[in-house]
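Visitor: Below: one structure in structure tokens.
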Amino acid sequence: MQPSELVMNPKQVFLSVLLFGVAGLLLFMYLQVCIEEQHPGKVEKRREQRATSGWEPINYLQSTPRIMTREKIQEHITNQNPKSHMLKDPKDKLANLLNSKSPTRVFTETNHSQGEAPALSRNPGSPTIQLIEKQQGTKILFRKFSETNWSVDIQPLNKSLVTDSKWKRIDATQEKRRSFLQEFCKKYGGVSRPQSHVFHMVSRIYVEDKHKILYCEVPKAGCSNWKRILMVLNGLAPSAYNISHDAVHYGKHLKKLDSFDLKGIYSRLNTYTKAVFVRDPMERLVSAFRDKFEHPNSYYHPVFGKAIIKKYRPNACEEALNNGSGVKFREFIHYLLDSHRPVGMDIHWEKVSKLCYPCLIHYDFVGKFETLEEDANYFLQLIGAPKELKFPNFKDRHSSDKRTNAQVVGQYLKDLTRTERQLIYDFYYLDYLMFNYTTPFL
């Protein structure tokens, strides 16, 4: 055979590559099916994590941002409530915030659920038939979620267990908050179905089955002491004052709503008392920075601190680059507002609208950090908690530090430009509006 005969022409090369590619694809599909049949839960969990990770970044650091003056802000305030930030035109920035800042993600049909499906007549004991039944049950439950009208109509709280008249003022305040949030969602929500995966939507919600409570965790808004309360209600501890910080956050004693199958999630959302506690966005942001970056921290310094210093500090010293300690507040703000962050978001400074979805999940109780103790104790009355159980008022960590309040926040913001302060407000715009917070720092 001559050497020239060994050379394949282009057509033969193309066909060979095509055949190898098809064979490889078929092998991959076969292996994937085998893995899914053996480990359906793990595979689906990975799919959910991929589907819900990484929100679309928003470019807040524009070269010539528009400054909203105090007079212009007042133009957006409704006549009904002079302290609110309700916009009169729902087609502007607010509508975009509610409907287009995150990629469109609707419910997908998976086999994560363990719900039961209608029995099939043929070979009911067959593993294949059982798998089909499970998938059909999941499809029915996902169809319920997809077709559910996520009602924002207010349902009255059960106040039959509240007998003391001293709660009348707090109850009146609570009704105003709930009404404000629900009216806001009705007017500006513009959503008839969720735009995120159900397991992601409920991933911050803790479950206490005995008293039928769902609590959405908002970090830096009293969540540590709320977890202590849930542990006491669950019978895991006799007193909230005897539970350490590590036991609260790393003990994994409490159940989250996303640990249940779809049937369990659906039933609890519709029958349990749902509560969320929020805080002034600027105070919450400064509180998170002080906690994570002004004290030794084996996670936030190497993971966030090093990346922030590397990108936002010119001529950083080698020590700072190596350990990530000493992040300045302004550097932290540049990271927060950067559409191309060197490291992702964190729940401690994530928006409440993306942690708890208050226009998709109807919360029966809206508490505020500014009135945390009295709100929490009133809620405990509503759900029939033991009379001796009171919400703890101690500071979870760094007890010698002054609590973050408006005065402390002012000290941190004084080094920022007016543009930077405005951009922080823009970042938390939806939280300011939903929970009727004013903007005293602009």
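The values are calculated or read from the model by the stated rules, or taken from the named source; none is laboratory data. Quick caveat: nothing in here was measured; it's all calculated off a predicted structure. With ideal geometry, Cβ positions are generated from the backbone for all residues, glycine too; neighbour counts draw on all protein chains shown. Side chains included, ligands, DNA and RNA excluded: accessible areas come from the protein's heavy atoms. Shrake-Rupley method; radii C 1.70, N 1.55, O 1.52, S 1.80 Å.
Visitor: Starting with the highest mean, order 202-214, 398-410, 320-332 by the number of other Cβ atoms within 10 Å, averaged over the residues of each peptide.
Guide: So the peptides 202-214, 398-410, 320-332, ranked by packing, come out 202-214, 320-332, 398-410.
Visitor: Something else: Pop out the carbon and sulfur fraction of the accessible area of segment 344-442 as a percent, whole number, probe 1.4 Å.
Guide: Taking all protein chains in place, segment 344-442 shows 50 percent carbon and sulfur surface.
Visitor: How about segment 372-442: which GluC sites (Glu not before Pro) there lie in a loop by DSSP and see at most 15 other Cβ atoms within 10 Å? Kindly include the intermediate steps, with their values, before the conclusion.
Guide: Numbers: sites: E373, E374, E388, E420; in loops: E388.
Within segment 372-442, the qualifying GluC sites (Glu not before Pro) (loop, at most 15 other Cβ atoms within 10 Å) are E388.
Visitor: Roughly how many Å² is the accessible area per residue of segment 270-390, as a whole number, for a 1.4 Å probe?
Guide: Values: 4630 Å² over 121 residues.
Counting only protein heavy atoms, the per-residue value for segment 270-390 is 38 Å².
Visitor: Continuing with the same structure: Show me the chymotrypsin sites (Phe, Trp or Tyr not before Pro) within segment 370-428 that DSSP assigns to loop and that have at most 12 other Cβ atoms within 10 Å of their Cβ. Could you put the intermediate results ahead of the total?
Guide: Values: sites: Y378, F379, F394, Y412, Y425, F427, Y428; in loops: F394, Y428.
Within segment 370-428, the qualifying chymotrypsin sites (Phe, Trp or Tyr not before Pro) (loop, at most 12 other Cβ atoms within 10 Å) are F394.
Visitor: Now for a separate question. Report the extension gain between K168 and S16 in nm, rounded to one decimal, defined as 0.36 nm multiplied by the number of residues separating them, less their alpha carbon distance.
Guide: 46.7 nm
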